[in-house]
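Following: one structure in structure tokens, then a few remarks.
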Amino acid sequence: MQDNLWIKDKICLVTGASSGIGLATSWQLAKLGATVVMIARDDDRGRAAKLKVLDKSGNQNVHVFLVDFASLPQIRGLAKKFQAKFPALHVLINNAAVIPLNRQTSEDGYELQFAVNHLAPFLLTNLLLPLMKASQPARIINVSSSVHHSGRINFDDLQSKRRYHPNHVYANTKLANVLFTTQLAKMLLGSGVTANCLHPGVIDTKLYKNYMGTVRPAGADDDELERGAATTVYLASSGEVANISGKYFAYQQERQPSSTSQNEDLAQRLWQVSAKLVGL
Ligand SMILES: NC(=O)c1ccc[n+]([C@@H]2O[C@H](COP(=O)([O-])OP(=O)(O)OC[C@H]3O[C@@H](n4cnc5c(N)ncnc54)[C@H](OP(=O)(O)O)[C@@H]3O)[C@@H](O)[C@H]2O)c1
């Protein structure tokens, strides 16, 4: 018997669903019979992504919301709109991320990677937590990266004003994703909501292209994107991980995250600072 039947008819929200791993995650979940709510920031890319998911899955329960994660008010708007339209949220997949080659800022004045890769999923998750608790069992999945091993959280320069190196800042935000998972899982103990994070593998997407500093278009085909989505889909759907929380996975297996990412004081401090920055 298949181990992923749990996901059928469940409501899933996938961020960064307009391309790459998030798009493949969306069509895989739709294929498994889930209702999939895709978040995109661009109307044309959002429409094209939805058509692809409909085509690949044959599942009509696919929706797109347009939200720019570089805007905290838009994230608050998404949480409101989502709760007005859907009665439950069983799986939240925080997947969107960006690596601008030069330092940029969000609408709220925060460094763009810190805003999109960390503050956006932090705020969205917190706003949707009451609904997820009411929908339990439910799962939160944070897409991090193996590069979190080289990340550090510099509270004196969280906005990278003094120094901006795109890949270093990216690694810091991916460490923030694991620290967020560590603290979230601790706070969710006994709630019926789990929180895990993962490294998806190395896949030739738009983001990977920026990480490598190349200008050619992203080259991954659908099979490669599905490989990139496999661990996310596993964490979203498999019965094997139903009661596992606070862990880091890669290639559909639990892996050892960095020791920094498991530092509870650091995780708690980052949580408190982030809550202040997003106005929670
Ligand atoms: N590819 C890899 O080798 C690799 C390795 C380790 C970890 N990861 C992680 O995998 C996840 C998915 O990345 P990917 O490789 O699939 O890259 P991708 O194809 O570039 O996808 C990133 C997604 O995030 C969205 N996004 C970026 N900025 C946004 C904003 N301001 N508001 C809303 N959405 C925004 C993008 O939307 P647009 O389409 O509008 O740009 C896109 O849908 C990321 O968390 C990344 O850190 C990837």
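Please go through the range 39-81 and pick out each residue that is hydrophobic (A, V, I, L, M, F, W, C) and closer than 18 Å to residue 279 by Cα.
69, 70, 72, 75, 78, 79 - these are the residues of the range 39-81 that are hydrophobic (A, V, I, L, M, F, W, C) and closer than 18 Å to residue 279 by Cα.
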Quiz item: Can you name the number of the only condition in (1) assigned to a helix (DSSP H, G or I); (2) surrounded by 17 or more Cβ atoms within 10 Å (Cβ to Cβ); (3) more than 10 Å from the ligand (Cβ to nearest atom) that residue 148 fails?
Solution: (3)
Exercise. Go over the candidates 242, 171, 218 one by one and state the one that is surrounded by fewer than 19 Cβ atoms within 10 Å (Cβ to Cβ), small (Gly, Ala, Ser) and more than 18 Å from residue 92 (Cα to Cα).
Key: 218
Quiz prompt | Selected residue (criterion: nearest to the ligand (Cβ to nearest atom)) from residues of the range 126-144 that are under 17 Å from residue 270 (Cβ atoms) and touching a helix residue (DSSP H, G or I) at 6+ places or on another chain (Cβ under 7 Å) | solution = 144
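Quick check: is even one residue across the range 234-241 β-branched (Val, Ile, Thr), modelled with pLDDT of 95 or more, within 12 Å of the ligand (Cβ to nearest atom) and at negative phi?
So far as the range 234-241 goes, no, none of its residues is β-branched (Val, Ile, Thr), modelled with pLDDT of 95 or more, within 12 Å of the ligand (Cβ to nearest atom) and at negative phi.
Residues 135, 150: which one is farther than 25 Å from residue 5 by Cα and over 15 Å from the mean Cα position of the chain (by Cα)?
Values: 135 fails: farther than 25 Å from residue 5 by Cα.
None of the other options fit; the residue is 150.
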Quiz item: From the set of residues in the range 200-217 that are free of Cβ contacts under 8 Å to residues at least 40 places away in the same chain and basic (Lys, Arg), which is farthest from the ligand (Cβ to nearest atom)?
Solution: 216
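Say we look at the range 167-218 and pick out the residues that are of a type in the set (A, V, I, L, M) and assigned to a strand (DSSP E or B); which of these is farthest from residue 136 (Cα to Cα)? Spell out the reasoning first.
Step one: list which residues in the range 167-218 are of a type in the set (A, V, I, L, M), which gives 169, 171, 175-176, 178-179, 184-185, 187-189, 193, 195, 198, 202-203, 207, 212, 215, 218.
Pick out the ones that are also assigned to a strand (DSSP E or B) and you get 193, 195, 198.
Values: 193: 6, 195: 12, 198: 21 Å.
Per the stated criteria, the residue is 198.
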Exercise. Among the residues of the range 66-106, write down those that are of a type outside the set (A, V, I, L, M), within 25 Å of residue 145 (Cβ to Cβ) and free of Cβ contacts under 8 Å to residues at least 60 places away in the same chain.
Key: 68, 69, 71, 74, 104, 105, 106
Quiz item: Would it be correct to say that residue 96 is modelled with pLDDT of 95 or more, buried (at least 24 other Cβ atoms within 10 Å of the Cβ) and touching a Leu at 6+ places or on another chain (Cβ under 6 Å)?
Solution: no
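Identify the residue in the range 181-199 that is of a type in the set (Gly, Ala, Ser) and more than 13 Å from residue 264 (Cβ to Cβ) and, among all such residues, is farthest from the ligand (Cβ to nearest atom). Before you say what the answer is, go through the steps one by one.
Taking the range 181-199 and keeping what is of a type in the set (Gly, Ala, Ser), we get 185, 190-192, 195.
Next, only the ones that are more than 13 Å from residue 264 (Cβ to Cβ) stay: 190-192, 195.
Values: 190: 28, 191: 25, 192: 26, 195: 15 Å.
Residue satisfying both the conditions and the ranking: 190.
Could you run through the range 241-280 and say how many residues are under 22 Å from residue 13 (Cβ atoms) and more than 19 Å from the chain's Cα centre (by Cα)? Please lay out each step first, then the result.
Filtering the range 241-280 down to residues under 22 Å from residue 13 (Cβ atoms) leaves 241-249, 252, 271, 274-275, 278-280.
Going one step further and asking which of them are more than 19 Å from the chain's Cα centre (by Cα), we end up with 243, 279-280.
Residues flagged as under 22 Å from residue 13 (Cβ atoms) and more than 19 Å from the chain's Cα centre (by Cα) within the range 241-280 amount to 3.
The values are calculated or read from the model by the stated rules, or taken from the named source; none is laboratory data. In this text the structure is predicted, and so the values were computed from the model without any measurement. Cβ atoms come from the backbone with ideal geometry, glycine included; neighbour counts cover every protein chain shown.
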